[in-house]
Every structure is written in structure tokens, then in C-alpha cells.
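Below: one structure, written as C-alpha cells.
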Amino acid sequence: MKGRFITFEGIDGSGKTTIAKLLYKKIGKNVVLTAEPTKTWLGDAVNKALENKMDAITVALLFMADRNEHVKKIKKWIEEGKIVICDRYIDSTFAYQSIHLEMKNPEKWIYKVHEPFLFKPHLTFLLKIHPEKAMERINSRKRILYEKTKFLEEVQKKYIEMAEKESRFVIINAEKSREKILDECFNILKKKKII
Ligand code: TMP
């Protein structure tokens, strides 16, 4: 039997990393937990580009280069019949980079670059939370709070637009307790016969 590819998406502070880890532990067997940016030199390059405030095209290309290599590993795990849980994936690039890329129709460009290695998840959990609440969780410096909240609002809007277009998305209210969110995700996987 072939495996399944599940991704977690959401704005910073939505709690997806915690839930992805808990879900991975709860499933227990035949499951792989991975994330983007990856823990490879390509992922390090992405983080370096972000730290050094490189321009939006450079950052986007690095995210996508990291993904191109990551997809090969994901496909291998799927072939082995594993359930692959990935903390951030392609939708992060559409949601975040499309805001920063100064070009006409950035989504079209992102899609085009992905074309040779496009591999969509079977299921995507989108953790939705009020950006102010997410900001409280990340506990960022006050000075940039407003700017950052507005940015996260925009990112979340993009996510919701995507979720409305593709049936693989399941929107989860991320303001509930982590136990409830975990149960909800677990039950959805059961219902869809993924586990
Ligand atoms: P993380 O905090 O979930 O590890 O993600 C690091 C940051 O990278 C986060 O602010 C979202 C951003 N990101 C993108 O902008 N585009 C992408 O394609 C990915 C995978 C992450």
C-alpha cells in the first residue's frame, strides 16, 4: 500500500509545529515527520537568506530549491508506504512569498517554477488563528507588532483563499486547546482511512 502525504500550514504562532509533532507521536508507527525549511545545507541557506534580508526572488528561489530536493525524499517515503507529515510545504511559498514578490501575478511565477517537481499533499491541515493571538504566542518585540500582525493577516487571507479552491485543505480552529486540535486532526485521518 502506498503512503500518504499530509502537510501542516498556518501563520507563524498558529501552533502547527507543536500539533505536527504530537500527531506524529500519536500515530506512532509507519510515520515520518519532516519540515521546511529542511534541516540540510539548503534549508540553512534559506535561513541565511532570510537573516540577511536577501531580496524576495532570491528567497523564493531558495525555498523552492530546498523543496525540489525535499520532494525526492518525500516521494521515497511515500513509495515505502509511510505517512509523511510535513510542517510547512508548497502552500507556505504561495502564502508568504506572493506578498513579497514585486511582479505581476507572483502566484503564476511560483507555480511555473514548481512545475517540474510539483507534488501536492493528499491532505493539508490549515491552522487558523487570529493574527493578534498568534503574535501574542510568538511574543515579538512591541515595535514591530502592528506591522507583523498586518503581514500575518495578509498571509492568512492568502491561505484561506487557497483552502477555498482545493478540497485537500481542512481548516482547523487553532484557538482551541492543543489536546482538542490533536484529537480533531487524528479523527480526520481516521475518517479518511489514512490511519
Ligand atoms: P517556521 O517558523 O515554520 O520554521 O518557518 C520559518 C519561516 O519561513 C516562517 O516565517 C514561514 C517562512 N516560509 C516561507 O516564507 N516560505 C516557505 O515556503 C516556507 C517553507 C516557510
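The values are calculated or read from the model by the stated rules, or taken from the named source; none is laboratory data. Nothing here was measured: the structure is a model prediction, and the numbers come from that model. Methodologically, a virtual Cβ is constructed for each residue, glycine included, from the backbone with ideal geometry; neighbour enumeration extends over all protein chains shown. Only protein heavy atoms, including side chains, enter the accessible area calculation; ligands, DNA and RNA are left aside. Shrake-Rupley method; radii C 1.70, N 1.55, O 1.52, S 1.80 Å.
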Counting as exposed only trypsin sites (Lys or Arg not before Pro) in DSSP loop states with no more than 12 other Cβ atoms inside 10 Å, the longest exposed-site-free span of the chain is 142-192
Can you list residues whose amide H is under 5 Å from residue 35's amide H, if they're 5+ apart or on another chain and H is modeled 1.01 Å from N? 87
Lys/Arg +1, Asp/Glu -1 at C-beta; the chain dipole; positive extreme among 70, 149, 187: 187
Take the eigenvalues of the Cα gyration tensor for the chain, scale each by 5, and report the square roots as semi-axes in whole Å, largest first. 25, 22, 15
Charge dipole (debye, nearest 20) of the stretch 4-191; +1 at Cβ of Lys and Arg, -1 at Cβ of Asp and Glu: 540
Putting +1 on Lys and Arg Cβ atoms and -1 on Asp and Glu Cβ atoms, find which of 24, 127, 105 reaches farthest to the positive end of the dipole of the chain. 24
P(r) histogram, all alpha-carbon pairs of the stretch 77-168 included - 10 Å bins from 0, percent: 13, 40, 32, 13, 2
Tell me, what % of the accessible area of the chain is carbon and sulfur with a 1.4 angstrom probe? 53
Which residues' amide hydrogens lie under 5 Å from the amide hydrogen of residue 172, considering only partners 5 or more residues apart or on another chain, with H built in the peptide plane? 126, 127, 128
Grab the beta carbon distance between residue 73 and residue 111, set R0 = 22 Å, and tell me the FRET efficiency rounded to 0.05. 0.50
In this structure, among 48/157; 48/104; 133/157; 29/191; 148/180, pairs with alpha-carbon gaps over 23 Å are 48/157; 48/104; 148/180
Local electrostatic count at residue 36 - Lys and Arg +1, Asp and Glu -1, tallied over other residues with Cβ under 11 Å: -2
Counting only protein heavy atoms and rolling a 1.4 Å probe, one gets per residue an accessible area for the stretch 4-191 in Å² of 56
Go through the stretch 28-37 residue by residue and turn each phi into a ³J(HN,Hα) via Karplus (6.51, -1.76, 1.60, θ = phi - 60°); whole Hz please, and just put x for glycine and proline. x, 10, 6, 10, 10, 10, 9, 7, 10, x
